[in-house]
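The structure under discussion appears below in the form of structure tokens.
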Amino acid sequence: MSQIFLFNASFHLFLIQIDQEIATKTREQGCICCGGKLHAADYPRSPVGIPSELRDYFDERLSFCCAVCRHRATPPSVRFFGRRWYPAPFHLLICVLMCGINERRLSQIKRHFGITVNESTWKRWRKWWSNEFEETAFWRKEKGLMPNAGITDTPFPRALLNEFHGTLEKKMQFLLRLLSPLTGGILRAV
Ligand SMILES: [Zn+2]
């Protein structure tokens, strides 16, 4: 697997573009509570664990606030996996690559990505993917689209990535887009 795309500006700029498209749709829908107009109210974010030259791509999450009732509307995102400190593409790729936990794998992650993931964080991620993901409203709604992913022995999220074709970069873009409803809106689960 070639993970080099994770360090290319073009990959991250493309993700920003997708997030902006999703956000435009959210804004056009208006406030789900009162129908009021949505104003930009982005969240500053401070991603951890990633190389410093990539932090600018993840320094804010697009979000809105209703001009009338102040209700928050945070659109789904392909860059942020909910409140996790690690940006979505890094979180997912690490989860795809690591089916088990051991010191050697953690040091490989550090060597290949320059990313430090401690064991308790990784265990929390693994627990979520193996126990909680299948119970989310998102997956109950979408699993029919990917019948093979639910029946193999391959753990999530690797089983989802395997459903896509093309380069790892392309597959990751599809996976991030597929999973984005988990990160905002009514199907939010992270
Ligand atoms: Zn409102």
Can you give me the accessible area per residue for region 4-183, using a 1.4 Å probe, in Å²?
52
With each run of n ≥ 4 DSSP H residues scored as -39500 (n - 2.57), what mean residue ellipticity at 222 nm is computed for the chain after dividing by its residue count and rounding to the nearest 500 deg cm²/dmol?
-11500 deg cm²/dmol
Where does each of 76-87, 134-145, 159-170 land if you order them by average Cβ count within 10 Å, highest first?
76-87, 159-170, 134-145
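Given an 8 Å cut-off on Cα distances and at least 6 residues of separation, report the relative contact order of the chain as a percent. Intermediate values should be presented prior to the final figure.
Working: 253 pairs, mean separation 43.0, N = 190.
This gives 23 percent for the chain.
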In a Debye calculation with equal point scatterers on the alpha-carbon sites of region 37-140 and no solvent, what is log10 I(q)/I(0) at q = 0.12, 0.16, 0.18, 0.20 Å⁻¹?
-0.50, -0.81, -0.95, -1.07
Residues in region 148-182 near a label at Phe14, defined as backbone nitrogen under 15 Å from the 7 Å Cα→Cβ point?
164-178
Out of residues 5 or more away from Glu60 or on other chains, whose amide H comes under 5 Å of its own, with H placed 1.01 Å from N in the peptide plane?
Arg45
In nanometres, what is the gap between the two model label sites at Glu28 and Ser52, each 7 Å from Cα along Cα-to-Cβ?
4.1
Regarding the chain, what whole-number volume in Å³ per residue does the convex hull of its Cα atoms give?
121
Rg/Rh ratio calculated on Cα atoms of region 107-190 (Kirkwood radius):
0.98
Quick calc, Arg83 & His165: beta-carbon distance into FRET formula, R0 25 Å, rounding 0.05, result 0.20
So if I restrict to the alpha-carbon atoms in region 53-113, what is the Rg, and what is Dmax, the biggest pairwise distance, in Å?
16.0, 53
Taking all protein chains as present, what is the carbon and sulfur share of the accessible area of region 1-74, in % to the nearest whole number, probe 1.4 Å?
52
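The values are calculated or read from the model by the stated rules, or taken from the named source; none is laboratory data. All of these numbers come straight from a predicted model, not from anything done at the bench. Cβ: placed from backbone, ideal geometry, glycine included. Neighbour counts: every protein chain shown. Calculation scope for accessible area: heavy atoms of the full protein, side chains included, ligands and nucleic acids excluded. Shrake-Rupley method; radii C 1.70, N 1.55, O 1.52, S 1.80 Å.
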